[in-house]
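Below is one structure, written out as structure tokens; comments come after it.
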Amino acid sequence: MYLGKVIGTVVATRKDENLIGTKLMITQPLDIDSKPKGEPIIAVDTVGAGIGELVICVKGTAGRIAARKMDAPIDIAIVGIVDEITIS
Amino acid sequence: MYLGKVIGTVVATRKDENLIGTKLMITQPLDIDSKPKGEPIIAVDTVGAGIGELVICVKGTAGRIAARKMDAPIDIAIVGIVDEITIS
Amino acid sequence: MYLGKVIGTVVATRKDENLIGTKLMITQPLDIDSKPKGEPIIAVDTVGAGIGELVICVKGTAGRIAARKMDAPIDIAIVGIVDEITIS
Amino acid sequence: MYLGKVIGTVVATRKDENLIGTKLMITQPLDIDSKPKGEPIIAVDTVGAGIGELVICVKGTAGRIAARKMDAPIDIAIVGIVDEITIS
Amino acid sequence: MYLGKVIGTVVATRKDENLIGTKLMITQPLDIDSKPKGEPIIAVDTVGAGIGELVICVKGTAGRIAARKMDAPIDIAIVGIVDEITIS
């Protein structure tokens, strides 16, 4: 599970029909200090995340589990919105 | 899910028989500013993508789901054609 | 399986309902000399790991197996607490 | 799916019994200009690839699908021999 | 499948109960010239590998297949001991 920040959206009219109705968010991976790390990815939002929010993302089969769409070609999803990070 | 740009095609006559009929596209991964990022990969097109188009790719099992070919050795597929990216 | 050190926790009130009750730990990947390597990730603790402990993490489906939650969107878990590393 | 070039072979007498009979080829990943990229990996050949040939490799479950050996510990396989790459 | 060299062991008393009885080996990934490449990982030995031996490792589900433990949180395993590498 990875930290990310929602920074935008993607619109794709021509797409796999099992992706219809999914919300595709551009998500910037972050390091622990909330600095950008690597390139943005496209994640399916499953928790109502908004632009600017700090989120938890998962990859692979976990993405389809989160979306409750095991027959959709999803490999990354947003599964939580971060309230607080505590580093000890 | 990853942004990419279709830049070419691959022809392979000798291949796994479950790949027969698939369209293999050379796809250049892009960063959010549409600049090339990393090396091109070979993706199975499932949405009728053309050369030069900006596309959404998935990896792993999601690739076979997109191709509706669970018994084919596919691990990357094109699942959407990008109309618009909005960064906020 | 990867070495890591538990360095913090994440609180996310709005999350996938199948993640309710999981303990999300910020885990810093380590190299063999116990020096930080790469960025921290978020792992589901399944063995009662505490802050500062050296742990073994797994990725992918193995994370859901460790959590005994095959229907939860988990892709990384802590599966062991390291007592000793011997390099020969 | 990734481009590679077959550069050698590996012999392992002591191995998982479900790997007996597989042909293990050292494969150098290539970039789009056919230049080496990253370190060689070991791929199970499923299409009769020879030394020096340009091939298509897959990772993960797709490797076992290609080998028709779902109970063998295979995570990379050669699934095609490249005839032609066209970059537009 | 990846080349590695067994360089040590890990002891973890508190661990997932489905890992009890597995032998956890510190394995250094190698490049084709047998030089270290990247950081050591922890692999479950399934072939009786000893310290100093050159081995073949697999990742993901293939690791559980090798260990004959589909319900254990394993994502990397040693599946063969290298006798000879031939680069042509």
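Mind checking which residues of the range A:33-70 are at negative phi, part of a loop (DSSP other than H, G, I, E, B) and of a type outside the set (S, T, Y)?
Passing the criteria: A:D33, A:K35, A:K37, A:E39, A:P40, A:V47, A:A49, A:G50, A:I51, A:E53, A:K69, A:M70.
Find the residue count for the range C:36-58, including only residues that are at the interface with chain E (Cβ under 7 Å from one of its Cβ atoms) and buried (at least 24 other Cβ atoms within 10 Å of the Cβ).
Adding up the residues that qualify gives 2.
Restricting attention to the range B:15-29, does a residue exist that is more than 9 Å from chain D (Cβ to nearest Cβ), without any contact (Cβ under 8 Å) to a residue 60 or more places away in the chain, assigned to a strand (DSSP E or B) and under 21 Å from A:A43 (Cβ atoms)?
Yes, the range B:15-29 has at least one match.
Within the range E:36-53, track down each residue that is among the hydrophobic types (A, V, I, L, M, F, W, C) and closer than 19 Å to C:K59 by Cβ. Lay out the reasoning, then the answer.
Filtering the range E:36-53 for residues among the hydrophobic types (A, V, I, L, M, F, W, C) gives E:41-44, E:47, E:49, E:51.
Listed by number, the residues that qualify are E:I41, E:I42, E:A43, E:V44.
Let me confirm something: among D:T61, D:T9, D:T86, which residue is open to solvent by 30 Å² or more (accessible area, probe 1.4 Å) and more than 23 Å from B:I20 (Cα to Cα)?
D:T9
If you check A:V58, A:V11, which single one turns out to be closer than 24 Å to B:V55 by Cα and in contact (Cβ under 8 Å) with a residue 24 or more places away in the chain?
Every option except A:V58 fails the conditions.
Here is a list of conditions, (1) assigned to a loop (DSSP other than H, G, I, E, B); (2) under 11 Å from the mean Cα position of the chain (by Cα); (3) in contact (Cβ under 8 Å) with a residue 40 or more places away in the chain, and B:P73 meets all of them except one; can you say which number that is?
Unmet for B:P73, out of (1) assigned to a loop (DSSP other than H, G, I, E, B); (2) under 11 Å from the mean Cα position of the chain (by Cα); (3) in contact (Cβ under 8 Å) with a residue 40 or more places away in the chain: (2).
Residue under question is A:I51, and the condition is that it be among the β-branched types (V, I, T), out of contact with any Gly (no Cβ under 6 Å at 6 or more places or on another chain) and within 18 Å of C:P40 (Cβ to Cβ); does it hold?
Spelling it out, it is not the case that A:I51 is among the β-branched types (V, I, T), out of contact with any Gly (no Cβ under 6 Å at 6 or more places or on another chain) and within 18 Å of C:P40 (Cβ to Cβ).
Of everything in the range E:26-46 that's among the acidic types (D, E) and closer than 24 Å to C:V55 by Cα, which residue is nearest to the chain's Cα centre (by Cα)?
Going through the qualifying residues, I end up with E:D45.
Name every residue in the range D:68-81 that is crowded, with 24+ Cβ neighbours inside 10 Å and more than 7 Å from chain B (Cβ to nearest Cβ), in order of residue number.
Looking only at the range D:68-81, we keep the residues that are crowded, with 24+ Cβ neighbours inside 10 Å, and these are D:73-80.
D:P73, D:I74, D:D75, D:I76, D:I78, listed by residue number.
The values are calculated or read from the model by the stated rules, or taken from the named source; none is laboratory data. If you're wondering where the values come from, they're calculated on a predicted model, not measured in any experiment. Because the Cβ atoms are built from the backbone with ideal geometry, glycine has one as well, and the counts that use them run over all protein chains shown. Side chains included, ligands, DNA and RNA excluded: accessible areas come from the protein's heavy atoms. Shrake-Rupley method; radii C 1.70, N 1.55, O 1.52, S 1.80 Å.
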